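A.B. asks: Attaching a single structure in structure tokens format; questions to follow.
The values are calculated or read from the model by the stated rules, or taken from the named source; none is laboratory data. Keep in mind the model is a prediction, meaning the values are calculated, not measured. Cβ sites come from the backbone with ideal geometry, for glycine too, and all protein chains shown count toward neighbours.
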Amino acid sequence: MKNFQFLFILFLFAISVSAQKIKYEVSFPNILHHEAQIAVVVEHIPQQSLVFRMSRSSPGRYATHEFGKNVYAVKAFDKAGKPVFVNRTDGDAYIIPSYKGYVKLEYTLYANYADGTYAGIDIGGVHLNMPASFMWVKGADQVPIQIEFELPNKNWQIATQLKPGNRPTSFSAPGLQYFMDSPVRMANLISKKWELINPDGKKYGFELALDAKAADSSAQSFANKVKRITQEAQAVFGELPNYDYGKYVFLASINPYVKGDGMEHRNSTMISLPIVFSDNNGLLEVFAHEFFHCWNVERIRPKTIEPFNFEKSNMSDGLWCAEGFTQYYGSLIMRRAALDDDASFVSTVGSLINTKMNTTGARRFSPVESSKHAVFVDAGVAVDKTNYPNMYTSYYPYGAAIALALDLALRTKFTNLNVDGYMTALWKKFGKTEIAYTVAGLQEALISYTGNKDFATDFFDKYINGHEPYDYATPLKQAGIMLKQPQLGKAWWGTVRYADANNLTIQNNTILGTPIYEAGLDVDDKIVELNDMTVSKSSQVDSIVRSYKPGDKIKIGYLHRGEKQVTELTFSESPLFQATLFEKEGLPVTSEIIAFRKKWFGTKVQ
Ligand SMILES: [Zn+2]
């Protein structure tokens, strides 16, 4: 009897959980005007009232976005089709005060911005990023979700990482987190497929679902290159992740009507490039970057973004690794897959070094602090001015510059250690196990990987939790790369952008520590005189500056809010770095250099 009661209770419980259902129905009756009609049926949720809401953040996008603004005509009905009272209690929240086990909420979505963050609805194609499109029920995160689309064009196909259903238009997700992470692209798609095999023999399917005006042969050639990227990335970690439904899909819209973006997801990426498609290697770096994310950030995941909060963006201290190291690998994989050449890779190296050494944000703040500012900068929208040029350097290139520093340090201070090995160690510790990491955990992993506590602690103290300068020049010599500062000895007053060639109104915040900043000039000031001589063209200014030497002084007359001011400026010299190959400098390229380069940026595919 006791056992029977227990079983009976368990049975009731099982019924109540399995009966909980959320189902979306999506149609496009007014596609010409970029609208979708969305209905969501919510059944058997154990709540007396339901709160439906639009998100304010989106997986992979770290700033806050107000997706609620493009939702309207919200109505609710009971099972008999009778209207149910629905009350808007916040910009993005709608409450059904009396819920009796069934409600169908309907609304109109306007979407005309196809990129990885927002949504775009057009007769040319539909592009849905889920948080920008779908209201969800608070407190029902674990309830399985079904979705059914009514295709607006019978020639279209649907590409997504959602679990396929029994029709080509029906899909499902095990819960809210996966559903929100699964963008959908529908259009007349060109599909190219390939397979890769893991060392354990397990096969995974890959698809390039391309929305572009492309000849089949150029789409195939492009897909072959994307395949090379997937192979080189697999070689970094030694294996592919166990994709949830055995498959990874590149949702790629390459046409002038989308907005430029790339957004990673667990088993897919949404890439939108606003250009006419061509089989051009220049388009591929974003594929390399986003694909690397299926390890780094989707599974090797910072604890600070797990679980993802859809009501308010998560602040993370780990984006220098999640995004910055991924950015480094975007360039490295392009070179390893021979989709880029040595000179272009080395020019990227130079630009990363300038980010670390010559941007004010990186000179003043650590990569950890830069990461925390993402909640405002990652496509965050505001109208007021900021002082980012003086206090913020993006964790993308900044983190990539730290990855470069770590890679060079490991390759030159140790035998057979490198960032590939460190990433593989992170994969084994945090990725495969899906145990979210802390920054301290990353440091512990570097201690274990190198077996050298002093090195790892010093590296994290100085360059990840700190912002000390890094000596790139010495290790780069081993790769036959020369780091020069070609502007030394030439007069310079800082980087200044004028309104145009004939209007010397300064458009940018002047940069802390540069002569023009120290002389007191700032954004919106207009230079009118140099040494009492009237100037009005940028070419005049450039030629006058060229006639001076570092340390010389010049009198500047300028207008601040229309009032004439005069100041004195002392020229310095630009610290800008440039990286070049030894062969360009006429220096010998030894067999050691060739071997170093091969290990660093030669192919890793057997
Ligand atoms: Zn990224």
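A.B. asks: Being touching a strand residue (DSSP E or B) at 6+ places or on another chain (Cβ under 9 Å), surrounded by fewer than 24 Cβ atoms within 10 Å (Cβ to Cβ), farther than 24 Å from residue 605 by Cα and without any contact (Cβ under 8 Å) to a residue 60 or more places away in the chain is the requirement here; does residue 371 meet it? Full working, then the answer.
C.D. replies: Details: touching a strand residue (DSSP E or B) at 6+ places or on another chain (Cβ under 9 Å): yes; surrounded by fewer than 24 Cβ atoms within 10 Å (Cβ to Cβ): no; farther than 24 Å from residue 605 by Cα: yes; without any contact (Cβ under 8 Å) to a residue 60 or more places away in the chain: yes.
No; evaluated as a whole, the condition is false for this residue.
A.B. asks: Having 2 or more residues that are away from the ligand (no atom under 13 Å from the Cβ) and of a type in the set (A, V, I, L, M, F, W, C) is the bar; report the strands (runs of 3 or more DSSP E) wholly within region 206-319 that clear it. Show your work before the answer.
C.D. replies: On the way: elements: 247-254, 261-264, 268-273.
Counting at least 2 such residues, we get 247-254.
A.B. asks: Applying the selection to region 64-116, what residues are buried (at least 20 other Cβ atoms within 10 Å of the Cβ), more than 30 Å from residue 316 (Cα to Cα) and small (Gly, Ala, Ser)?
C.D. replies: Within region 64-116, just 76 meets the criteria.
A.B. asks: Between residues in region 464-478 that are of a type in the set (D, E, K, R) and residues that are in a helix (DSSP H, G or I), which pairs lie under 7 Å by C-beta distance while being six or more apart or on different chains?
C.D. replies: The qualifying pairs are 468/462.
A.B. asks: For region 290-303, state whether one or more residues are assigned by TED's automatic domain parsing to the domain that holds residue 400, surrounded by fewer than 18 Cβ atoms within 10 Å (Cβ to Cβ), within 27 Å of residue 395 (Cβ to Cβ) and modelled with pLDDT under 95.
C.D. replies: no
A.B. asks: Would you mind telling me which numbered condition in (1) at pLDDT 95 or above; (2) assigned by TED's automatic domain parsing to the domain that holds residue 345 residue 606 fails?
C.D. replies: Here residue 606 meets the rest and fails (1).
A.B. asks: Taking residue 187, is it under 21 Å from the mean Cα position of the chain (by Cα) and within 28 Å of residue 275 (Cβ to Cβ)?
C.D. replies: On the way: under 21 Å from the mean Cα position of the chain (by Cα): no; within 28 Å of residue 275 (Cβ to Cβ): yes.
So residue 187 does not fit the description; no.
A.B. asks: In region 530-557, which residues are part of a strand (DSSP E or B) and either in the same structural domain as residue 478 (by TED's automatic domain parsing) or surrounded by fewer than 17 Cβ atoms within 10 Å (Cβ to Cβ) (or both)? I'd like the intermediate steps shown before the answer.
C.D. replies: Step one: of region 530-557, the residues part of a strand (DSSP E or B) are 530, 533-534, 553-557.
Across region 530-557, the qualifying residues are 533, 534, 553, 555.
A.B. asks: Still on this structure, please answer the following. Any residue at all in region 30-38 that's more than 28 Å from the chain's Cα centre (by Cα), modelled with pLDDT of 95 or more and acidic (Asp, Glu)?
C.D. replies: Checking region 30-38: not a single residue is more than 28 Å from the chain's Cα centre (by Cα), modelled with pLDDT of 95 or more and acidic (Asp, Glu).
A.B. asks: Count, please, the residues in region 558-603 that happen to be polar (S, T, N, Q), over 28 Å from residue 356 (Cα atoms) and either in the same structural domain as residue 533 (by TED's automatic domain parsing) or surrounded by 11 or more Cβ atoms within 10 Å (Cβ to Cβ) (or both).
C.D. replies: 3
A.B. asks: Which ones in region 330-340 are more than 10 Å from the ligand (Cβ to nearest atom) and either part of a helix (DSSP H, G or I) or outside the structural domain of residue 379 (by TED's automatic domain parsing) (or both)?
C.D. replies: 331, 332, 333, 334, 335, 336, listed by residue number.
A.B. asks: Looking only at region 16-63, which residues are crowded, with 22+ Cβ neighbours inside 10 Å and within 16 Å of the ligand (Cβ to nearest atom)?
C.D. replies: 57, 58, 59, 60, 61, 62
A.B. asks: While we're on this one: Can you pull out the strands (runs of 3 or more DSSP E) entirely within region 81-143 that have at least 3 residues that are in contact with a strand residue (DSSP E or B) (Cβ under 8 Å, 6 or more places away or on another chain) and not hydrophobic (A, V, I, L, M, F, W, C)?
C.D. replies: 87-90, 102-110
A.B. asks: Related question: Which residues, taken from region 480-504, are assigned to a loop (DSSP other than H, G, I, E, B) and polar (S, T, N, Q)?
C.D. replies: Residues satisfying the conditions are 485, 487, 495, 502.
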